Structures are given as structure tokens and as C-alpha cells.
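The values are calculated or read from the model by the stated rules, or taken from the named source; none is laboratory data. Computed from a prediction, not measured in an experiment: that's the story for all the values here. Glycine gets a Cβ as well: all are built from the backbone with ideal geometry, and neighbour counts include every protein chain shown.
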Amino acid sequence: MREQGTGLRAQLVAVGVELVAARGAQALSLREIARAAGVSHGAPRRYFPTHVSLLSAIAREGFAELAGRAAEAFEAGEDGQEGASPREQVAALCRIYLDFARTNGGMFELMFRHDLLRSGHLGLRETSLPLFGLFVDCVARVRSRPGGVAPQVVASALWANLHGIAQLWGWGSLQLALGTDDVEPLLRRVLDAHLGPDIR
């Protein structure tokens with residue numbers, strides 16, 4: 001049972017996070033969120049005037065969790081070791097990103113829904129920018145990166161590639177194509193394609 005002091009707004013968001021984890025983004029109707037929260041189906045409208053605004057609040061929780069995972073990894077260094085190179089930092093971010101997509105598929109799908117990002121509710125698009133900025137900063141410091149290409153362009157291409165991997169991996173397509181459940185060899189090729197060969 002939820003703490004009595006928890007506000008309805010926070011409760012609705014928390015219930016939405018639980019629903020998307022258990023049943024995927026398709027479970028997030030206003031009626032279903034209200035039912036799971038134990039309130040009338042009209043109650044969410046007091047805090048979220050539209051369905052999109054409630055979904056945006058839930059998606060913000062996903063961005064916060066993903067950013068938190070990245071921050072923890074960078075505080076500890078890749079694999080808990082200090083002094084990781086910029087390329088190792090990019091690789092660590094990629095692994096965090098792909099692991100989040102694998103273990104939080106419903107939330108990952110919700111976070112990048114175009115209608116939510118376009119809506120501007122709660123500054124959802126801006127919420128994703130610090131994590132992307134971290135990608136850009138790490139890419140900018142990679143010495144083997146092909147010259148003449150702006151770090152933002154390289155980071156964008158890498159980010160798009162990661163989304164493709166996450167989607168195809170979630171469908172099971174890449175496992176069939178590769179004949180393995182290990183994404184690491186594919187990630188190494190992706191890093192080489194976008195950052196140039198690993199120079200030790």
C-alpha cells in the first residue's frame with residue numbers, strides 16, 4: 001500500500017512507471033492508470049489535462065533513471081575503474097543505453113515516442129539533452145574519430161545506430177541474423193564505424 005502522504009500526482013506517475021515495466025507502453029491508458037491507482041477515471045485530469053501530459057511525466061522518470069545509470073557509471077569509471085579513456089566512456093554509455101532498452105523495453109519505447117517529444121509537455125525533449133551532451137563530449141575527446149566530422153554529427157549517428165540495435169534486438173531479429181545473444185561484437189563494430197579503429 002502506498003504511503004498516505006504521497007500526492008495523487010506522484011502516485012499516478014509511480015503507477016504509470018510500474019505499469020509500463022510490467023505490461024509495456026500499450027497498457028498506459030488513462031483509465032488503466034486511474035484503476036491501478038485506485039482512483040476514479042476522471043481523477044488524473046486534475047493534475048494532467050491530457051493523456052500526453054501524463055505519459056510525458058512517466059517518460060521523464062525513464063530519462064531520469066537512464067541519466068542516473070550513466071552518472072553512476074561515470075562516477076565509478078567503466079567497470080568500476082578510474083581513468084577510462086574517452087572511447088571506453090563512449091562504449092560504457094552505449095552499453096548502459098542498450099542494457100536500459102533491453103531491461104526496460106516499455107519505458108524505452110515510451111521515452112522516444114514522437115508525439116510526446118513533439119508535444120513539449122514538461123520539456124521532455126530537453127530532458128534528454130544532458131545525456132546526449134555527455135555522448136557528444138565523450139565523442140569529441142576520442143582521438144581516433146574521423147577528422148572533419150563534427151562531434152554532434154558522429155554522436156547523432158552513433159545514437160541512431162544504438163536505437164536501431166535496441167529495436168532489432170528487442171524484436172529478436174539481430175539474434176537470428178548473428179546467431180548469438182552476445183551484442184558486444186556488434187557494438188565493437190559500431191564503435192569502429194563511427195569512431196575509427198581503436199588505437200591503444
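Residue pairs whose Cβ atoms lie under 9 Å apart, sitting 6 or more positions apart in sequence or on different chains, and linking a residue in region 112-141 that is farther than 27 Å from F74 by Cα to a partner that is exposed (fewer than 14 other Cβ atoms within 10 Å of the Cβ) and among the hydroxyl-bearing types (S, T, Y), are S119/T50; H121/T50.
E72 falls short on exactly one of the conditions (1) modelled with pLDDT under 90; (2) of a type outside the set (A, V, I, L, M, F, W, C); (3) in a loop (DSSP other than H, G, I, E, B), and that condition is (3).
Within region 139-155, the set of residues being within 12 Å of S85 (Cα to Cα) and part of a loop (DSSP other than H, G, I, E, B) comprises R141, V142, R143, S144.
Just one of the numbered conditions (1) among the polar types (S, T, N, Q); (2) closer than 21 Å to F100 by Cα; (3) in contact (Cβ under 8 Å) with a residue 12 or more places away in the chain is not true of Q152: (2).
Pairs are defined by a Cβ separation below 6 Å, a sequence spacing of at least 6 or placement on different chains, a first member in region 18-32 that is loosely packed, with under 15 Cβ neighbours inside 10 Å, and a second member that is modelled with pLDDT of 90 or more and not in a helix (DSSP H, G or I); no pair meets this definition. For region 180-200, the set of residues classified as hydrophobic (A, V, I, L, M, F, W, C) and more than 17 Å from G170 (Cβ to Cβ) consists of L191, A193, L195, I199, listed by residue number. Yes or no: G147 out of contact with any strand residue (DSSP E or B) (no Cβ under 8 Å at 6 or more places or on another chain) and free of Cβ contacts under 8 Å to residues at least 12 places away in the same chain? Answer is yes for this residue.
Selection of region 39-63 for residues being more than 11 Å from L8 (Cβ to Cβ), assigned to a helix (DSSP H, G or I) and not basic (K, R) yields H51, V52, S53, L54, L55, S56, A57, I58, A59, E61, G62, F63.
Matching residues to (1) over 13 Å from the mean Cα position of the chain (by Cα); (2) surrounded by fewer than 19 Cβ atoms within 10 Å (Cβ to Cβ); (3) at negative phi; (4) modelled with pLDDT of 90 or more:
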site	(1), (2), (3), (4)
A34	yes, no, yes, yes
V90	yes, no, yes, yes
D99	no, yes, yes, yes
G105	no, yes, yes, yes
L134	yes, yes, yes, no
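Has region 162-169 got at least one residue that is touching a residue at least 24 places away in the same chain (Cβ under 8 Å), more than 29 Å from A84 (Cα to Cα) and either buried (at least 16 other Cβ atoms within 10 Å of the Cβ) or among the hydrophobic types (A, V, I, L, M, F, W, C) (or both)? Checked region 162-169: no residue is touching a residue at least 24 places away in the same chain (Cβ under 8 Å), more than 29 Å from A84 (Cα to Cα) and either buried (at least 16 other Cβ atoms within 10 Å of the Cβ) or among the hydrophobic types (A, V, I, L, M, F, W, C) (or both). Take E126 and tell me if it is buried (at least 18 other Cβ atoms within 10 Å of the Cβ) and charged (D, E, K, R). Here the answer is no, as E126 does not meet what is asked.
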